[in-house]
Amino acid sequence: MKKLLAKALKIIICLLLTILIIFPFYWILISSFKSGDTILVPDLWPVKWTLIHYKELIGITNYLSALRASIIVAVGTMIICLIIVLLASYALYRFDFKGRSLFERIILITYIFPSILLVVPVYNVMVKVKLIDSPLALIIMNVTFAAPFCVWLMRGFFKAIPISLDESAAIDGAGKMAVLYKIIIPILKPGIATIVIYSFISSWTEYTFASILVSSEVNKTLPVALHAIMGQYTVRWGHTTAGAVLTILPILVAFTFIGKYFISGLTEGAVKE
């Protein structure tokens, strides 16, 4: 009896937590389809369905240009981060060189200080190299913050691959890069999926540097553009909720295809040795 009660209690708690997590997203979704005069009414289902907020968002705001800028920054960050992390992880966890242990311990040093403390020095550097108001500046910053964590996360994956595979390939005449490309990368699918999704999401949602390093409307990313769409003195709830729904769609699509690899990547990369 006690086991049944404990199991029932766990199920109830899980359901409550699920509702608490899902409800805000549901509320945003249904609010984006409500008419302007009912959007603030606490209804769990729209009384009047409308697409006017989506039409106005796409037609009279700079949402599409912000979407284009975010795609450029997110995809650029994802590709560069993936290349850097694979090469850095391969060197760090497969080669034996002086100072490797020390480097492995301090690789997460970028997360010691809050990113807000780096705003002024980063801005000064970007001014000197003439990258202000450029997507490249955002890509550089996103890679800077995402890559160290991804390299650290790949440790478990590389430790789980027997070093004997590398040695066997070397005996057969394969070089270092051939071993990485033909043997290790095919085994690292969960790890690669983790890097791809993490770097994409972190750059897709980054706001601090995007609001400071970019000034022109054509280069503003979605977080900055949505903040502007909300309005300075009044909140445009219709545009805001519609923009939030359209902004989260790429993340949902990414999780639909490779989400299972991402989840297994976080767990396996954290515990395997």
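General remarks:
- Selection status of ILE83, within 12 Å of PRO148 (Cβ to Cβ), under 20 Å from the mean Cα position of the chain (by Cα) and without any contact (Cβ under 8 Å) to a residue 60 or more places away in the chain: no
- Of the criteria (1) closer than 29 Å to HIS239 by Cα; (2) outside any loop (DSSP other than H, G, I, E, B), which one GLY36 fails: (2)
- Reported count of residues in the stretch 35-67, each being touching a residue at least 24 places away in the same chain (Cβ under 8 Å) and either of a type outside the set (Ser, Thr, Tyr) or exposed (fewer than 15 other Cβ atoms within 10 Å of the Cβ) (or both), is 10.
- Residues that are in contact with a helix residue (DSSP H, G or I) (Cβ under 6 Å, 6 or more places away or on another chain) and modelled with pLDDT of 85 or more, drawn from the stretch 177-197: ILE195, VAL196, ILE197
- One residue alone among VAL119, VAL75 is hydrophobic (A, V, I, L, M, F, W, C) and within 17 Å of THR194 (Cα to Cα), and that residue is VAL75.
- Within the stretch 125-203, helices (runs of 4 or more DSSP H) holding 1 or more residues that are surrounded by 15 or more Cβ atoms within 10 Å (Cβ to Cβ) and among the acidic types (Asp, Glu): 163-171
- ILE22 meets all of the listed conditions (1) more than 22 Å from the chain's Cα centre (by Cα); (2) under 25 Å from GLY238 (Cβ atoms) but one, namely (1).
- Some residue of the stretch 95-108 being on the phi < 0 side of the Ramachandran plot, surrounded by 14 or more Cβ atoms within 10 Å (Cβ to Cβ) and touching a Cys at 6+ places or on another chain (Cβ under 7 Å): no
- A single member of ILE140, ILE72 is touching a helix residue (DSSP H, G or I) at 6+ places or on another chain (Cβ under 6 Å) and at negative phi, and it is ILE72.
- Cβ-Cβ under 6 Å pairs, at least 6 apart or on other chains, the stretch 159-178 side closer than 19 Å to SER89 by Cβ, far side of a type outside the set (D, E, K, R) and surrounded by 13 or more Cβ atoms within 10 Å (Cβ to Cβ): ILE161/ILE187; LEU165/ILE183; ASP166/VAL179; ALA169/VAL179; ALA169/ILE183
The values are calculated or read from the model by the stated rules, or taken from the named source; none is laboratory data. For clarity, every value in this text was computed on a predicted model and none was experimentally measured. Here Cβ is always computed from backbone atoms with ideal geometry, including for glycine, and neighbour counts include all displayed protein chains.
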